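Notes follow the structure.
The values are calculated or read from the model by the stated rules, or taken from the named source; none is laboratory data. This one's a predicted model, so the numbers in the text were calculated from it and none came from an experiment. Here the Cβ positions follow ideal geometry from the backbone for every residue, glycine too, while neighbour counts run over all protein chains shown. Accessible surface is based on the protein model in full, side chains and every heavy atom, while ligands, DNA and RNA are left aside. Shrake-Rupley method; radii C 1.70, N 1.55, O 1.52, S 1.80 Å.
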Amino acid sequence: IANPCNNSLMVIEILLVCIVCFVGSLLTFFSGFGLGTLLLPVFNLFFPIHIAIGLTAIVHFLNNAFKLGLMAKYVDWKMVFAFGIPAMLGAILGANILRLLTFQYMEIHYNIFNLECTNSVLKICIGLLLICFSILEFFQKSFNLRSSAFWTIPGGLLSGFFGGLSGHQGALRSIFLIHTSLSKEAYIGTGIMIACLVDISRISLYLQNTLDIYQNYYYILFPCLAAFLGAWSGQKFLHKTTFPFFKYTVALFLIVFGILMVLGKI
């Protein structure tokens, strides 16, 4: 017989996750950060980091699939093949490394400023990447890759790799694509298409190797729908406007979250 207290607690937890995911998804329209960057720490508050990365990927893909329906006619297919195919290969490599770090759990002990820390290699890596990519969001437009054609394949591999490993693909992809000859519409549509390819590649591997996603589907379905609803609401009723205050506040939160992950406090 199911315990009513446990059932009530489960409902409260799911409701809380849904609210946070909805707000986090909606914040992408004010903070300037991508949906994946914002949702990863949100999901990690309630799930192990490898599950959080998988959930973020699913929501990220659903959101991009929705946007692709609006922007498909602007996709530059030549750039998709040149940049997107290497990105898919990089995503497969990154997702496989994530799998190795997950299933070959390695706990290490270290000391930072006389603070004793116990953590896993995976959480340290993801925490450091979260810090780095949060900072990178501020400087991506300052990178000027003059030989953009030369960097197309390496850029695809690199952005796809980090997309597969931690979900951080948008900032690097922008660095390599923003200085190409693509129009604004083509830049957006092509970026969405490439993001979908990376998400498909990594999600297929995440689902194969993460049984918890199937076992706890009720903790996954509703938060995913809530985050998707937040993204849809923002696209439907709000204009994409970045406020510096929100951007700096969110960046600070992400950096602090990354530091706490590195210290093993989350």
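Of the residues Gly167, Gly127, which is surrounded by 15 or more Cβ atoms within 10 Å (Cβ to Cβ), part of a helix (DSSP H, G or I), modelled with pLDDT of 80 or more and not aliphatic (A, V, I, L, M)?
On the way: Gly167 fails: part of a helix (DSSP H, G or I).
Unique residue meeting the criteria: Gly127.
I'm checking my understanding of the structure. Among residues of segment 102-118 that are in contact (Cβ under 8 Å) with a residue 12 or more places away in the chain and in contact with a His (Cβ under 8 Å, 6 or more places away or on another chain), which one is least open to solvent (accessible area, probe 1.4 Å)?
Cys117
Under 7 Å between Cβ atoms, at least 6 apart or on separate chains: pull out the pairs that start in segment 184-202 with a residue that is more than 15 Å from Ala91 (Cβ to Cβ) and end on any residue that is of a type in the set (Ser, Thr, Tyr).
Matching pairs, first to second residue: Glu185/Tyr74; Ala186/Tyr74; Ile188/Tyr74; Gly189/Tyr74.
Tyr187 is checked against (1) touching a helix residue (DSSP H, G or I) at 6+ places or on another chain (Cβ under 8 Å); (2) open to solvent by less than 80 Å² (accessible area, probe 1.4 Å); (3) at pLDDT below 80 and fails just one. What number does that condition carry?
(3)
So, in segment 229-249, of the ones that are modelled with pLDDT under 80 and either closer than 21 Å to Leu45 by Cβ or touching an Asp or Glu at 6+ places or on another chain (Cβ under 7 Å) (or both), which residue ends up most open to solvent (accessible area, probe 1.4 Å)?
Ranking the candidates gives Phe246 first.
Can you pull out the residues in segment 130-142 that are modelled with pLDDT under 75 and either farther than 14 Å from Ala251 by Cα or part of a helix (DSSP H, G or I) (or both)?
Once the filter is applied, which keeps residues that are modelled with pLDDT under 75 and either farther than 14 Å from Ala251 by Cα or part of a helix (DSSP H, G or I) (or both), segment 130-142 yields Gln140, Lys141, Ser142.
Taking segment 22-73, which residues are touching an Asp or Glu at 6+ places or on another chain (Cβ under 8 Å) and among the hydroxyl-bearing types (Ser, Thr, Tyr)?
Thr37
List every residue pair whose Cβ atoms sit under 6 Å apart, with the two residues 6 or more apart in sequence or on different chains, where the first one lies in segment 160-181 and is over 19 Å from Arg202 (Cβ atoms) and the second, anywhere, is outside any helix (DSSP H, G or I) and modelled with pLDDT under 85.
Within 6 Å, the pairs are Ile175/Phe143; His179/Leu145; His179/Ser148; Thr180/Ser148.
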